[in-house]
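Read the figures in this text as sums done on the coordinates, not as results from a lab. Since the structure is predicted, the reported quantities are computational estimates derived from the model, not experimental observations. Here the Cβ positions follow ideal geometry from the backbone for every residue, glycine too, while neighbour counts run over all protein chains shown.
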Amino acid sequence: MDKTSTVLPKDPVAGLIDIPLPLPVSLWPQTWTSVLVATLLAVGLIAAICWLAWRHYADRYRREALADLDRIMQASTPNAGALELLVRRTALAAFPRDEIVPLTGPAWLKFLDKTYGGHEFSQGAGRRLSLAPYSPQQIPPAELGPLANLVRRWIRTHHA
């Protein structure tokens, strides 16, 4: 027997050296400008969320007033007196009490026009609003619809 035939061959893989792996890439920003941008984005996002939450909280009286308006208009006999009361309550929620309470008649309609940005209260369908609580007669449904739409627009868009 030949001596070379009885010797087992060497393992060809045993002599290989492992390739060193690179260090893991960090997810943290590497430059100060990247840190600044990330910080500003985080602060901006937090500020936007806080502002949106505050607006949602501040506008809750509008959502309640719109729900009340829907209930008034779905009643079997909707009347303008209930609309006047709703507008007055909404104004008391949004504006200082001492500014709203003394207003009646044309001064009340002028205030509504000023906060709405139009003239529909003093010169349009809203004129019926100031006399509604004192009028024994019901407003016809043909006139109550435009008045309710005006009240809805005022609730949604009035500003201080």
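Run the dipole for the chain about the Cα centre, Lys and Arg Cβ at +1, Asp and Glu Cβ at -1, nothing else charged, and hand back the magnitude in debye, nearest 20.
Magnitude of the dipole: close to 560 debye.
To the nearest 10 degrees, how steep is helix 32-58 against the longest Cα principal axis of the chain, on a 0 to 90 scale?
30 degrees
Explain nothing, just compute: Karplus ³J(HN,Hα) = 6.51 cos²θ - 1.76 cosθ + 1.60, θ = phi - 60°, for every residue of region 82-95 in order, whole Hz, x for Gly and Pro.
So the J values, rounded to whole Hz, are 5, 5, 4, 4, 5, 5, 5, 5, 5, 5, 5, 6, 9, 10.
Can you give the local net charge around Ile155? Use residues other than it whose beta-carbon is closer than 14 angstrom to its beta-carbon, Lys and Arg +1, Asp and Glu -1.
+3
Using only Cα atoms, find the angle between the long axis of helix 60-74 and the longest principal axis of the chain, and express it within 0 to 90 degrees, rounded to the nearest 10.
Taking Cα atoms only, the helix is inclined about 50 degrees.
Between the helical axis of 105-116 and the dominant principal axis of the chain, each derived from Cα atoms, what acute angle in degrees is found, rounded to the nearest 10?
The two axes meet at around 20 degrees.
What are the ³J(HN,Hα) values, in whole Hz, obtained from phi via the Karplus relation 6.51 cos²θ - 1.76 cosθ + 1.60 with θ = phi - 60°, for each residue of region 118-124 in sequence order, with x given for Gly and Pro?
x, 10, 5, 6, 8, 10, x
Contact order normalised by length for region 60-157, with contacts defined as Cα pairs under 8 Å and 6 or more residues apart; what percent is it?
36 percent
Within a 10 angstrom radius of the beta carbon, how do Ser26, Ser34 rank from fewest other beta carbons to most?
Fewest to most other Cβ atoms nearby, the residues stand as Ser26, Ser34.
Lys/Arg Cβ at +1, Asp/Glu Cβ at -1, dipole of region 60-157 taken about the Cα centre: which of Ala93, Phe121, Ile72 is farthest positive-ward?
Selected residue: Ala93.
Determine the calculated [θ] at 222 nm for the chain from helices alone, applying -39500 (n - 2.57) to every DSSP H run no shorter than 4 residues and normalising by the residue count; nearest 500 deg cm²/dmol.
Taken over the chain, the calculation gives -19500 deg cm²/dmol.
In whole Å, largest first, what are the principal axis extents of the Cα atoms in the chain?
Taking max minus min along each principal axis of the Cα atoms, the chain gives 130, 41, 22 Å.
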